[in-house]
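Take a look at the structure set out below.
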């Protein structure tokens, strides 16, 4: 995992906690067979998720943020 991309993704979603929630949610989706939204190589799920965040393909909704912080 690229530290620069990780920091960019953290800033894009609004903090480490929100990033963790988004990564966890998306990782479960990918493990359940959801299609990737970006084409990158290698096929590491965390790299895929970070790239999806950086390309603004995924984000947390306001409801998901509220649920995570409740």
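Say we join alpha carbon atoms closer than 10 Å with springs in a Gaussian network model of the chain; which of 49, 23, 40 then has the biggest fluctuation? Among 49, 23, 40, the largest mean-square fluctuation in the Gaussian network model of the chain belongs to 40.
Which order do peptides 2-15, 26-39 fall in by mean Cβ count within 10 Å, highest first? Present the calculation step by step, with values, prior to reporting the outcome.
Values: 2-15: 13.5, 26-39: 11.9.
So the peptides 2-15, 26-39, ranked by packing, come out 2-15, 26-39.
Could you state the angle between the C-alpha long axis of helix 16-31 and the longest principal axis of the C-alpha atoms of the chain, as a value from 0 to 90 degrees rounded to the nearest 10? Relative to the chain, helix 16-31 is tipped by roughly 50 degrees.
Give the Kirkwood hydrodynamic radius (Å, one decimal) of segment 10-70, defined as one over the mean of 1/r across all pairs of different Cα atoms.
Radius from the Kirkwood sum: 11.9 Å.
Full extension of the chain segment joining residue 7 with residue 37 gains 8.8 nm, where the gain is 0.36 nm per residue of separation less the Cα-Cα distance. Helix 45-54 and the longest principal axis of the Cα set of the chain meet at an angle near 70°.
Every number in this text was worked out from the coordinates using simple rules, so none of it is lab data. Fair warning: this is a prediction, and the values are worked out from it, not measured in the lab. Every residue, glycine among them, receives a Cβ derived from its backbone with ideal geometry; neighbour counts consider all protein chains shown.
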